[in-house]
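Take a look at the structure set out below.
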Amino acid sequence: MSLIRYESQTREPLVDGSKDYHQVTEDIVRPIEANPSRLWWIGFLTAVSLLCFGIYSVYRDVTYGIGQWNLNKTIGWGWDITNFVWWVGIGHAGTLISAILLLFRQGWRTGVNRAAEAMTIFAVMCAGQFPIFHMGRVWMAFFVLPYPNTRGPLWVNFNSPLLWDVFAISTYFTVSLLFWYTGLLPDLATVRDRAKLKWRKRMYGILSFGWTGSTKHWQRHESLSLVLAGLSTPLVLSVHTIVSFDFATSVIPGWHTTIFPPYFVAGAVFSGFAMVQTLLLITRKVLGLEDYITLNHIDVMNKVIVLTGSIVGIAYLTELFIAWYGQNPYEWYAFKENRANIFSPYGWAYWIMMGCNVLSPQIFWFKKMRRNLVLTFFMSILINIGMWFERFVIIVTSIYRDYLPSSWATYYAPTIWEVGFYLGTFGLFFTCYFLFSKFFPVIAVAEIKHILKKNGESFKDNMGAIEMKPVEVFYEEEMVHAHH
């Protein structure tokens with residue numbers, strides 16, 4: 001006899017409706033087996049169009065050099081590094097949801113972790129392109145890789161934070177990819193076993209690596225998941241810390257500050273969770289997965305958003321205070337005149353950043369607001385606009401006015417090819433996401449089944465009825481059930 005252990009009745013269920021194991025498989029796998037909807041085709045073709053524009057923009061950059069971008073003698077990075085840091089930040093929520101929440105045994109992660117992990121991989125793919133194409137001579141990209149060669153004394157500069165980025169991003173991508181794919185194996189085997197077409201059975205058979213669902217396979221799967229979660233957890237902190245070192249290790253006023261590493265990490269989780277909300281709200285509606293991505297999931301993620309948004313707000317105020325308290329006239333000028341002054345050339349960008357990132361998320365202190373889907377969708381987009389402006393403000397407002405007043409006349413605005421490159425990465429991201437949602441389960445079927453009897457709505461309701469029975473009757477029923 002085995003008695004199932006249920007969670008507290010006061011906690012909301014993580015799976016709505018009366019579901020059994022077969023129904024879970026049907027609901028989540030059906031969108032893969034059905035023909036793509038009209039909405040899917042519209043979204044996919046829009047994403048591919050953006051990707052084509054991005055490819056042409058990159059072609060212009062590689063053929064004619066980065067003179068195609070509106071960089072000038074003070075601003076040498078512009079949109080390129082802004083977008084790089086922004087995309088790396090987007091990828092942070094996936095690793096946090098997957099790894100840290102797995103280690104802490106948080107059941108609510110199961111409805112959202114698969115899409116968040118995929119989002120991480122696609123975002124890192126987008127981010128990695130910016131430093132490579134910023135080199136201009138992209139065919140020389142292998143020069144940043146430290147390997148034994150015949151170049152004599154020419155070697156990579158290990159003191160450069162940009163080289164640390166190469167190590168951090170490649171490690172992050174590799175571990176995230178392994179973590180995502182490991183979790184997919186049981187579900188790919190489920191799709192393989194249900195497949196009716198020969199090519200689908202063969203494709204999913206190859207992708208599932210011969211998964212049979214045996215005890216040994218599950219033991220290895222659990223062990224590997226925990227090992228990868230342990231590897232990923234420090235990466236959540238290290239990757240964006242290293243990205244922040246691109247700025248913090250310099251002596252530029254506005255960059256040379258020790259608060260950057262924790263503040264960048266909090267901002268990355270903040271923007272990453274906002275993007276997860278954007279994607280999941282669309283996914284649950286289009287694929288009809290409201291029973292698995294519930295209001296409870298949306299509520300919990302909004303709590304994380306208001307927490308990290310408040311941390312980011314404190315970081316902004318700390319920056320201002322230290323710039324004033326440090327009595328460095330150049331540092332205080334960078335904040336007071338170049339950023340916070342509404343009449344300065346980029347003052348508008350600073351106040352958009354403050355409004356979107358600090359003020360707007362405070363509405364999520366109210367439970368009713370956290371559970372409002374339209375508001376959540378709007379806020380998730382607004383937050384990522386604000387986080388993009390944060391990176392833009394950090395980069396541009398710190399360097400557009402040089403120590404020489406003669407440099408001050410230059411005002412940076414992107415060219416169509418810089419904008420095109422950025423839009424192209426959106427095209428790549430959503431093309432990958434649409435293909436992922438069509439050929440892979442966007443929710444982890446095996447993990448939903450794992451929590452179903454503990455957190456499912458119908459099982460929790462049954463538990464309420466069980467608690468009202470006399471213990472002897474319950475024990476007798478269990479013994480009869482075990483006997484049969």
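Go ahead and estimate [θ] at 222 nm for the chain from helices alone: -39,500 (n - 2.57) per DSSP H run with n ≥ 4, summed, over the residue count, rounded to 500. Could the numbers behind the result be given before it?
On the way: 18 runs with 320 residues, N = 484.
Only helices count here, giving -22500 deg cm²/dmol.
Give the separation of the Cα centroids, segment 298-319 to segment 416-439, in Å.
27 Å
Based on alpha-carbon positions alone, could you give the equivalent ellipsoid semi-axes of the chain from the gyration tensor, as √(5λ), descending, whole Å? Kindly include the intermediate steps, with their values, before the conclusion.
Numbers: eigenvalues 399, 142, 86 Å².
Calculated on Cα positions only, the semi-axes equal 45, 27, 21 Å.
Select from segment 53-132 those chymotrypsin sites (Phe, Trp or Tyr not before Pro) which occupy a DSSP coil region and have at most 12 other Cβ atoms within 10 Å, ordered by residue number. Write down the numbers at each step before the final one.
Details: sites: PHE53, TYR56, TYR59, TYR64, TRP69, TRP77, TRP79, PHE84, TRP86, TRP87, PHE104, TRP108, PHE122; in loops: TRP69, TRP77, PHE104.
Those that pass, being in a loop and sparsely packed, are PHE104.
Fully extended, how many nm does the chain gain between SER223 and TRP324 (0.36 nm per residue separation, minus their Cα-Cα distance)? Walk me through the numbers before you get to the answer.
Details: separation 101, 0.36 × 101 = 36.36 nm, distance 5.09 nm.
Additional length available on full extension: 31.3 nm.
Within segment 238-286, what whole-number % of the accessible surface is contributed by carbon and sulfur, with the 1.4 Å probe and all protein chains included in the calculation? It would help to have the intermediate numbers written out before the result.
Details: 1010 of 1370 Å².
Whole-percent figure for carbon plus sulfur exposure: 73.
Enumerate by residue number the chymotrypsin sites (Phe, Trp or Tyr not before Pro) in segment 203-250 meeting two conditions: DSSP loop (anything except H, G, I, E, B), and at most 14 other Cβ atoms within 10 Å of the site's Cβ.
Working: sites: TYR204, PHE209, TRP211, TRP218, PHE245, PHE247; in loops: PHE209, TRP211.
Taking segment 203-250 and a limit of 14 other Cβ atoms within 10 Å, the loop chymotrypsin sites (Phe, Trp or Tyr not before Pro) found are PHE209.
What is the distance, in nm, between label points placed 7 Å from the Cα along the Cα-to-Cβ direction at LEU295 and at VAL48?
If labels sit at LEU295 and VAL48, their model points lie 3.9 nm apart.
Filter the DSSP H helices in the chain by two things, a Kyte-Doolittle mean of at least 0.0 and an axial alpha-carbon span of 24 angstrom or more, and list the hits by number. Write out the running numbers ahead of the final one.
Working: long enough: 38-64 (39 Å, 0.91); 113-134 (33 Å, 0.73); 161-194 (49 Å, 0.70); 215-248 (49 Å, 0.46); 260-286 (39 Å, 1.18); 295-325 (44 Å, 1.14); 373-399 (40 Å, 1.86); 416-439 (34 Å, 1.16).
Both cut-offs are met by 38-64, 113-134, 161-194, 215-248, 260-286, 295-325, 373-399, 416-439.
What is the chain's relative contact order, in percent, from Cα pairs under 8 angstrom and six or more apart in sequence?
33 percent
Relative contact order for segment 41-182: what is it in percent, counting Cα pairs under 8 Å that are at least 6 residues apart?
Working: 97 pairs, mean separation 34.9, N = 142.
Contact order relative to length: 25 percent.
How much area per residue is accessible in the chain when the probe is 1.4 Å and only protein heavy atoms are counted (Å²)? It would help to have the intermediate numbers written out before the result.
On the way: 23080 Å² over 484 residues.
I get 48 Å² per residue for this part.
Taking the simple approach of a point 7 Å from Cα along Cα-to-Cβ for both SER360 and ARG202, what is their distance in nm?
The answer from the label model is 4.9 nm.
The values are calculated or read from the model by the stated rules, or taken from the named source; none is laboratory data. All of these numbers come straight from a predicted model, not from anything done at the bench. Note that we place each Cβ from the backbone using ideal geometry, even for glycine, and neighbour counts take in every protein chain shown. Surface areas here come from the heavy atoms of the whole protein model, side chains and all, with no ligands, DNA or RNA. Shrake-Rupley method; radii C 1.70, N 1.55, O 1.52, S 1.80 Å.
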